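The values are calculated or read from the model by the stated rules, or taken from the named source; none is laboratory data. Model, not experiment: these values are computed from the prediction. Heads up, the Cβs are rebuilt from the backbone with ideal geometry, glycines too, and the neighbour counts pull from every protein chain shown. Quick note on the areas: whole protein, heavy atoms, side chains included, nothing else; ligands and nucleic acids left out. Shrake-Rupley method; radii C 1.70, N 1.55, O 1.52, S 1.80 Å.
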Amino acid sequence: MTEFATDIGYGKPNEKLKDALLQHAPLSKAGLSERLFGLLFSGLVYPQIWEDPIVDMEAMQLASGGHRIVTIGSGGCNMLTYLSARPDRIDVVDLNPHHIALNRLKLAAMRHLPSHADAVRFLSRAGLKSNVQAFDLFLAPKLDQATRDYWTGRRLNGKRRIATFAGNIYRTGLLGRFIWVSHLIARLHGVNPADFVEARSLREQRQFFDRQLAPLFDTRSIRWLTARKSSLFGLGIPPQQYDALAGSGENLAEVLRQRLEKLTCHFPLRDNYFAWQAFARRYPQPHEGNLPAYLMPENYEAVRNGADRVRVHHASFTELLAGKSAETVDRFVLLDAQDWMNDRQLNDLWAEMTRTATPGAIAIFRTAAEDSIIEGRLSPAIAEQWTYDREHSLELGARDRSAIYGGFHIYRRKG
């Protein structure tokens with residue numbers, strides 16, 4: 001792991017991320033909302049990624065292997081799952097230094113912990129003080145200096161950051177706190193969301209949604225709360241994405257009801273670890289359900305052996321591509337980052353993607369609303385180089401178990 005760059009500055013103010021978030025935020029009501037989001041987003045946001053990597057892999061046709069991938073990091077679960085397909089190289093980018101540190105730690109855990117069982121305990125089980133001992137013994141000596149300093153650094157309570165793994169890392173971060181607050185609000189209305197994991201069939205899942213969850217979105221308090229842009233900051237949804245959702249003309253409570261219905265009713269609970277995180281705030285035990293694919297025993301060797309083919313960069317997507325030679329990237333994974341971009345940023349990004357893409361390269365991304373964010377916004381010279389697979393995008397979007405996003409989109413480089 002020591003080949004990674006060490007000029008991250010985990011202990012310094014995250015100026016690169018803040019600049020990216022705040023450079024277009026005027027001192028108006030909307031601008032203040034953007035600045036508040038930027039402040040919240042500068043800490044750890046996603047301990048787990050909320051895009052379904054199985055859908056990603058089918059869209060990118062990774063089963064054949066041998067690809068060079070550039071992806072946004074977020075919680076890191078996607079790139080670890082991609083390793084099961086044995087790509088040639090994965091470049092991970094993120095502007096959030098907390099995500100950089102988390103991605104590098106997860107890679108180290110898969111690469112250097114003694115066994116599959118040790119990796120599962122470290123990355124999916126809560127309440128194990130032995131995880132801190134495992135870090136000190138097996139991981140800390142293998143990390144680059146900046147990442148080691150980050151995890152051994154002290155919080156305000158005097159505890160080292162790595163102590164989070166002795167508790168439950170997935171209850172931390174902006175998203176973890178948002179889920180906790182959501183549970184609290186539901187319980188104030190007489191509903192305990194954690195009871196959902198007692199469902200034993202899709203029929204029981206549907207009954208719980210119809211009887212317990214759906215009525216919450218008709219309450220005056222919930223509808224008032226979801227009318228505030230700041231109410232969705234905890235989901236990592238900035239004001240721009242909120243406006244895209246609201247552009248449908250629906251009350252946001254209705255949009256959230258539809259997304260929650262998909263999460264609870266469209267997939268068996270046993271096979272949907274996203275639902276376990278949302279309702280139990282943890283991963284399932286072996287007798288309860290399946291873990292993310294990168295933690296499954298059948299993928300362990302491929303992920304472990306492929307970890308040294310990953311490079312994690314504290315940079316923007318466009319910035320990383322600008323340093324690459326032409327036709328050297330086969331797959332691009334943009335998550336939902338384009339929802340935040342203006343037209344100039346979109347065109348700068350896709351100009352670099354077009355230059356670095358190999359013939360037939362595939363780009364995938366998600367959007368808060370249903371429609372593709374780039375249609376009609378790219379210059380004709382760039383847009384004509386790509387083909388939108390609308391039908392396959394709709395098919396795979398319907399199978400995304402995380403259920404957060406309105407649209408999933410697949411573009412292929414011509415030639």
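Couple of notes before you dig in:
- When its C-alpha radius of gyration is set against 2.2 N^0.38 Å (N residues), the range 155-201 gives a value of 1.50.
- Pairwise Cα distances in the range 326-415 exceed 18 Å for 40 percent of all pairs.
- Approximate spin-label separation R220-V181, in nm, with each point projected 7 Å along Cα-to-Cβ: 2.2
- You can think of it this way: the chain between E395 and D149 has 84.2 nm of extra reach, that is 0.36 nm per residue less the Cα-Cα gap.
- Label-point separation, S379 to N157 (7 Å along Cα→Cβ), nm: 5.2
- With coordinates expressed along the principal axes, the C-alpha atoms belonging to the range 38-175 extend over 47, 39, 26 Å, beginning with the largest.
- Surface calculation, 1.4 Å probe, protein heavy atoms: K324 sits at approximately 40 Å² accessible.
- With each label modelled as a point 7 angstrom along the Cα→C-beta vector, the N305-Q61 pair spans 2.5 nm.
- Once all protein chains are placed together, M79 keeps about 0 Å² accessible to a 1.4 angstrom probe.
- For the range 369-398 and the range 251-302, distance of Cα centres in Å: 27
- Overall size of the range 138-223 from C-alpha positions, given as principal axis extents largest first: 51, 31, 17 Å.
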